[in-house]
Structure formats: structure tokens, C-alpha cells
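Step one of this worksheet: look at the structure below.
The values are calculated or read from the model by the stated rules, or taken from the named source; none is laboratory data. Bear in mind that the values here come from a model prediction, so they are computed numbers and not experimental data. Note: ideal-geometry Cβ built from the backbone for every residue, glycine included; neighbour counts use all protein chains shown. Each accessible area value is taken on the protein alone, full model and side chains, heavy atoms only, with ligands, DNA and RNA left out. Shrake-Rupley method; radii C 1.70, N 1.55, O 1.52, S 1.80 Å.
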Amino acid sequence: MNIPTTLKYTKSDEWLDPKTGKMGLTDYAQDQLSDIVFAEALVDVDDDIEIGDGISEVESVKASAEVYASASGTITAVNEDLGDTPEVINSDPYGAGWLVQVEISEESDELMDAAAYEKYCENRD
Amino acid sequence: MDTSTKLSTGLQLDSAPKIVEPTVYELSAPGRVGVGFPDPDVPLADLPDSLLRAELPLPELSEADVIRHFVKLSTFNYSVDSGFYPLGSCTMKYNPKVNEDMARLPGFANVHPLQPIETTQGALVLMYQLQEWLKEISGFDALTLQPAAGAHGEFTGTLIMRAYHEDRKDTKRVKMLVPDSSHGTNPATSAMVGLKVVQIPSDERGNVDLDALRAEADDTLAGMMLTNPNTLGLFDENVEEICQIVHDAGGLMYGDGANMNAMLGITKMADLGFDVMHYNLHKTFSTPHGGGGPGSGPVGVVAKLADFLPAPIVAVVDEGHEETFYVETGDEDDHHHHEDELPPLYGLVDPSKTIGRVKAFHGHFGILVRAFTYIAMHGADGLKDVSEYAVLNANYILAKLRDTYHVPYDRICMHEFVAEGRWKDAPDVHALDIAKRLMDYGFHPPTNYFPLIVHEALMIEPTETENKNTLDSFIDAMLKIAKEAHEEPELLHEAPQNTPFGRLDEVKAAKDLILCCWLPEDYDNQ
Ligand SMILES: Cc1ncc(COP(=O)(O)O)c(C=O)c1O
């Protein structure tokens, strides 16, 4: 499983890039969901969001999932490409599969580093 | 069925469908008709051009063409009449054919809901008696037959919960709790009535986590939706305490009755502490299911919620002899008897604070006739047998499979159980592959990937109507598939091969929502 060390992680399997403010779903999450067929942002550019707000909705052939914000701030970009090619969340969850970008005002204090997240995933299997 | 010999001699891999049946459009030939009408004896009038669509391609076929086409298609279908259908949470029991006979009786089949009630007493008596029976089975005080499915019952029930709080001016109650094992319709219906959904985790025994529940039980609580037995097929061991915690916080308990097949004549939902619940007649009471027919989701409530039920409900509008259910009609003299000697008159009443109507007329009346028949044919003892055999059958399969398939919450199950469709030493095999491979062995697959809290879930519900031979051949197939998963996983990945069509492209089916056989020429520009 791919868990980049530069990112921070939530218990509900989102990642946050503290440098760029991008957020997305982890490799573990995309694997659990399997083939993703639909992704839609629940926020627009310039929206102010709080930690725990729903930012995106993702649907796979198995299930649908709401993705939550792990930081508060203002949305600066939304990944528009996912509308046509939601499957890149499967193939490139930390790259082209990013969901939204935020100008961070505050990070959640429950975020884990890569090592802690890896242990967390192992314990769930 | 044992397909192992057939498959081991090398069935040809072929991605093309094995049986090809053209569409009605391809079968069409210009000028072919189903019915030859006699020449009209009035002058012909042409339809105005503005109403005609010259480009609309309607197929032209004879009656025999149409019958053969659809009969052939129907043989590609798998149904509970053709084989074992252990689709967990759906209770795909065999539907007795006497249900169909009763639903087709002209007195039931040909009534219209707008007829005067004096002329539809038989239908009203049936609905009244069904209300009484369903109240008795779950211990509720009042009940509506209107909702058209389980999810519609949930919507109705949560509207009733909201109306109750609003009526008490208790308007800060906006939060609905659902366990993480719940069916998607629970949070969906709560959200539809405008409530905020909060998910409660399960503990390691598959019960609701009581500490997490207590943490959310505050004065903003509208209520909680709980399936019991839950979607792991487990009876929540703390169900009474859960109801107590929610009640102490001022909330109401909604019971999702999808799994009533485990409890008939054994436990009543109202006695456990639930305030509202829906039945799924198409599950528990043997009415057609899914594509086979409309559903029905009656909702029962405790006395304090009775006034909020949808309108109308069937009631005795004119008292008479209490024991006389079946009204003699057509006897003019009846009207001249003293009131005491008249049979009761059944009619429709609107509960005083009703949430309104949730379905046209009385819901799916034909389904009510079938469920009534099922209950009448079984009687109280028979219904208890139904649940006991349903639970026994599920535990039999569980006992035979638990050493081969990992069962994460492994204790005595109710009418179904959830296993994992994965092995550490067969990492490429998924629940979906096992499900598809079961089709090669002639079985409908179990529910998979639900509930979401079990990885690669396979949810197996045999129901009471299956005999030991059927259960044994299913178990046998499951054990063989587990062996294949380790030794010849390609058999699973390439499954199904024994069906009219091979594996369908689920991603394409979910993404390309184009069902038309032809597209308007300017489709791309739309
Ligand atoms: C646990 C549970 N709740 C609710 C429902 C919804 O019922 P229906 O399909 O009748 O709308 C189902 C249906 O499968 C279910 O399994």
C-alpha cells in the first residue's frame, strides 16, 4: 500500500498535503471502494469550510462515500477533471486524483503521520 | 447441480454471449402486426401532423414474435422459482402460489378504491384484519398499510417521528443516529426528512457501541434507526438498553423490520422498546420481490404516535357484532335489522394529526392480499416455525462454512450471517469473484459488499423454505470455490461461464447511463 511520508492522514482515510493544501482519498480508501464511477465536489472555490465538513462525494460500484475536510480554510481549487474521469482516484489517489485544494487556516489535531496511518490500516485488516 | 465435471473438461472461454436474442427492433419487419382489426365502420380521420413523430422507430411484430421473444428472455432469468437465492437482507423465500390465486379472485382483483365502502367490505375487512395481525406480530398499537416499500416505510416512519417532536414544540431535535452497519436507506430517509444523520460505530461483538451512543444521546436527538436483528444477522445483545438510552434523551426508536423473518412469534419489536417500525411484506410475508412486483412497507407505531399515521387507515366505522368479520352483502333486509344485529361496517378514517397521504389510495392492495393469505395459511404457530427454520438453516450453513470462510463477528446468528470473501493466501480473489463463480454452480450469489463494516462481505440468507439437500449443495459449492480460489483462481476471475452472458462490465453500467437502443442524431450536442 502506498502511503507517502509527506502527507498527513485521517481515521476516515483522507489525506492532506500541509504544503499545498490539497485533499484527497488514500490508497487504502480507493482500494476498499474499488472501481470509482462518480465523484462530485460538495464545495465551490471561495467557500469557507470547517474541519469535518463534507467536501466531496465519491461513488464506486460497491458503495458511496462522503469525504470530509481535515482542515479549515478557504477553497482555492476543485478538481474539475474528476467529473469525466473519476477513475483516476483509483489509479493515482495522491496525484491526479486530488479532490479539492484549501488555503489552510487550521489543521485537525487528529491527523496522523504516514507511520501512524500505516499502523492504523494494518490493525483494521 | 454439480457442474464440476462440465467445467473441468474445459469450457470454452468466450467473451461473446452464448445465447443471442435480438432486440424487438432487430426482429421488426415492416407491416407485421399483432392484431388484425376489422375495417372501421366510421370514416377514418387522420391525426394532425403536429402529433405524429415520423422518426420514431416502433417495432412491428406479430403476437407470436413478441411472445417468443419475451418467453425466451424470461428463460435467461434466475428467480426463486428456479433455484436457491441466498441474497442476504432480502429474504428471498419461496412465494406460495396460493397467494396468486387469492390475489386474482375477481372480488379482490376488480374492485376500485373509489367504490362506495358498502360495496368493498371484503377488501376493507382484509386490510383491517391484516392491520390487526401485523400489529399483533410486532406488538404495536396502530398501523398503516400505505407505504410502497421498506424505504418508503422508513420515510413515513421518520416523518411521523418528526411530526411528534414538532407537535410537542420540541424543535431542537434534528439528529438521527444510525449504526455503521445500517442499510443505506436509513441515513437516506433521515436526510430526506431534513434530519442530520450521525453514524454510531459497532463494537467488537457487532452490537451498537454503547459509549458512542451515550455520547450522542442529548436533547437534539430526534431518534435512532436500528435494524434488529442487525445487518450482520446478529441480535443486538443490548437492544433494550439502547432503546432506554435513546428514550432517556427524549428520542424515539425506529425499528427497521427488514429482518423480521428471524423473529415471528418469538420477539415483538414494541416489547423491546421500539416506537415505530416498518415491515417489508415482500420479504417476510412472501410477496413478489424486486423486479417481480411492487413492494409493501406497512408501518406500525406505539399509541403516542398513532394520531400521526398517514391518512386514511381502515377502521370499524359502525359497530356491530364484533365476531362477524365477513359481511353478507346484497340482502336488503339487513338494513332493517336492529343495530346490534348488524355486522360491523368497515371504512376509512383520518388520524387526527396525520402526516397526510404517502401513497395513492391504500398502497399496493394486491400485495396486501398475498401477505394476508400467507399469514392466514400459516397461523401463529406456523409463523413461529418459519422463523425457527430460517434461523436453523442459516446456522447450519454458518457451521459448515466458518472453518473455510472467515466470519468476523462469529456467534450464533439469526436468519443470516456475513462472511468475508477473501483469504490472505489468495490475495487476488475478491467477494465479487466468489459471487460470480457461484452462478456457474447454479446458485444466485449472496449479497456482497454489504454491510460496509465487513471487508469483502458475503451476506448469506437461506430462508426457511430450503431443504437440507439444497443447503448441502450450496455448502458444497462454497467449499469447492474456496479450493478453486487457492488452486485455480482464474476459474473465479473468469466466472461466470455457465450463464447466458459472461461477466458484465459494472463500471460501464454505472458510468454510461445510456439505456436507449437508438440515440437522437444530435445527442452529442445535448
Ligand atoms: C436492512 C434493510 N433496510 C431497509 C431496506 C429497504 O427496503 P426496500 O428494499 O423494501 O425499500 C432493506 C432492503 O433490502 C434492508 O435490507
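With +1 on the Cβ of every Lys and Arg and -1 on the Cβ of every Asp and Glu, and nothing else charged, how large is the dipole of the protein assembly as shown about its Cα centre, in debye rounded to the nearest 20? Intermediate results must be reported in sequence, preceding the final value.
Details: 47 positive and 111 negative charges, 255 e Å.
My answer is approximately 1220 debye.
Please work out how much accessible surface B:T287 shows to a 1.4 Å probe, ignoring ligands, DNA and RNA, in Å² rounded to 10.
About 0 Å², ignoring ligands and nucleic acids.
Under a point-charge model restricted to the Cβ atoms of Lys and Arg (+1) and Asp and Glu (-1), what is the dipole moment magnitude of segment B:152-245 relative to its Cα centre, in debye to the nearest 20?
Charge dipole of segment B:152-245: 520 debye, to the nearest 20.
Can you give the average number of partner chain beta-carbon atoms within 10 Å of each beta-carbon in peptide B:499-512, as a whole number? All intermediate terms of the calculation are to be shown ahead of the outcome.
On the way: counts 0, 0, 0, 0, 0, 0, 2, 6, 9, 2, 2, 7, 9, 1.
The shielding value for this peptide is 3.
State the answer as a single residue: which of B:A222, B:L264, B:A212 lies farthest towards the positive end of the charge dipole of segment B:198-269, with beta carbon charges of +1 for Lys and Arg and -1 for Asp and Glu, about the Cα centre.
Positive-end residue among those listed: B:L264.
Rank-order A:113-123, A:25-35 by packing density, defined as the average count of other C-beta atoms within 10 Å over each peptide's residues, highest first.
A:25-35, A:113-123
Taking R0 as 30 Å, what's the FRET efficiency between A:S64 and B:S82 from their Cβ-Cβ distance, rounded to 0.05?
With R0 = 30 Å, the Cβ-Cβ based efficiency is 0.40.
What's the local net charge at B:G297, with K and R +1, D and E -1, over the other residues with C-beta under 12 Å away?
So the surrounding residues net to 0.
At a probe radius of 1.4 Å, what is the per-residue accessible area of A:D44, in Å² to the nearest 10?
Taking all protein chains as shown, A:D44 has close to 100 Å².
Any idea what the dipole of chain B comes to, in debye rounded to 20, about its Cα centre with Lys/Arg Cβ at +1 and Asp/Glu Cβ at -1?
1240
Accessible area per residue, 1.4 Å probe, Å², for chain B: what's the number?
On the way: 26020 Å² over 526 residues.
Computed with neighbouring chains in place, this is 49 Å² per residue.
Just checking the output field for B:143-149: average partner chain Cβ neighbours within 10 Å of each residue's Cβ?
Going residue by residue through B:143-149 and averaging, the value is 0.
Carbon-plus-sulfur fraction of the accessible area of segment B:381-511, 1.4 Å probe, in percent? Mind showing how you got there, number by number?
Values: 2970 of 5560 Å².
Result for segment B:381-511: 54 percent of the exposed heavy-atom area is carbon or sulfur.
Name the residues of segment A:54-83 whose accessible area falls by at least 10 Å² when all protein chains are present instead of the chain alone, probe 1.4 Å?
Buried on complex formation: A:V61, A:K62, A:A63.
Could you tell me which of B:V391, B:W423, B:M439 has its Cα farthest along the dipole of segment B:387-466 towards the positive end, charges placed at Cβ (Lys, Arg +1; Asp, Glu -1), taken about the Cα centre?
Farthest along the dipole direction, towards plus: B:W423.
Would you mind working out the accessible area per residue for segment A:9-106, using a 1.4 Å probe, and quoting it in Å²? Don't skip to the end; give the middle numbers.
Details: 4280 Å² over 98 residues.
For segment A:9-106, the solvent-accessible area averages 44 Å² per residue.
Mind giving me the FRET efficiency for B:K384 and B:Y94? R0 is 22 Å, r the Cβ-Cβ distance, nearest 0.05 is fine.
FRET efficiency, B:K384 to B:Y94: 0.75.
So how do B:H493, B:H278 rank on accessible area, 1.4 Å probe, biggest first, that is with the largest at the start?
On the way: B:H493 75, B:H278 0 Å².
Sorted by accessible area, descending: B:H493, B:H278.
Between A:E50 and B:R104, what FRET efficiency comes out of the Förster formula 1/(1 + (r/R0)^6) with R0 = 41 Å and r the beta carbon distance, rounded to 0.05?
Between B:R104 and A:E50 the formula returns 0.10.
Tell me the label-point distance for the pair A:A115, B:E118, using the 7 Å Cα-to-Cβ offset, in nm and rounded to one decimal.
Computed distance between label sites A:A115 and B:E118 equals 8.8 nm.
Ranking request for peptides B:238-249, B:39-50: highest mean number of other beta-carbon atoms within 10 Å first, then the rest in descending order.
B:238-249, B:39-50
Partner chain Cβ atoms within 10 Å, averaged over the residues of B:448-454 - can you pull that number for me?
On the way: counts 1, 7, 2, 0, 6, 0, 0.
Per-residue shielding by partner chains comes out at 2.
Determine one quarter of the surface area of the Cα convex hull of chain B, which equals its mean projected area, and express it in nm² to one decimal. Could you put the intermediate results ahead of the total?
Numbers: hull surface 132.0 nm².
Average of the hull's projected areas for chain B equals 33.0 nm².
From the protein chains alone at 1.4 Å, what is the descending order of accessible area for A:W15, B:W423, largest first?
The ranking, largest first, comes out as B:W423, A:W15.
Kindly provide the helix-only [θ] at 222 nm of the protein assembly as shown, computed as the sum of -39,500 (n - 2.57) over DSSP H runs of four or more divided by all residues, to the nearest 500 deg cm²/dmol?
After summing the helix terms and dividing by the residues of the protein assembly as shown, the value is -9000 deg cm²/dmol.
Once neighbouring chains are kept in place and the probe is 1.4 Å, which whole percent of the accessible area of segment B:13-124 is contributed by carbon and sulfur?
Roughly 61 percent of what the probe reaches on segment B:13-124 is carbon or sulfur.
Would you kindly find the accessible area of B:H486, with a 1.4 Å probe and non-protein molecules such as ligands, DNA and RNA excluded, rounding to the nearest 10 Å²?
80
At a cut-off of 10 Å², which residues of segment A:32-50 become less accessible once all protein chains are present than in their chain alone, using a 1.4 Å probe?
Buried by 10 Å² or more upon assembly, which counts only protein chains, are A:Q32, A:D35, A:V37.
Using a 1.4 Å probe on protein heavy atoms only, how many Å² of accessible area do A and B hide from each other, summed over both chains and rounded to 100?
Summing both chains' loss of accessible area gives about 800 Å².
Using the charge dipole of chain B (Lys, Arg: +1 at Cβ; Asp, Glu: -1 at Cβ; taken about the Cα centre), state which of B:S296, B:H364, B:V316 has its Cα farthest towards the positive end.
B:S296
Leaving ligands, DNA and RNA out of it, report the carbon-plus-sulfur percent of the accessible area of chain A at a 1.4 Å probe. Show your work: numbers first, answer last.
Numbers: 2520 of 6180 Å².
Of all accessible area on chain A, carbon and sulfur atoms account for 41 percent.
Go through B:M192, B:M439 and list them by solvent-accessible area, largest first, probe radius 1.4 Å.
Working: B:M192 135, B:M439 65 Å².
Result of the area sort, largest leading: B:M192, B:M439.
If amide H atoms are built 1.01 Å from N in the plane of the peptide, which residues on other chains or at least 5 residues away come under 5 Å of the amide H of A:D53?
For A:D53, whose amide H was placed from the backbone, the distant partners under 5 Å are A:A69.
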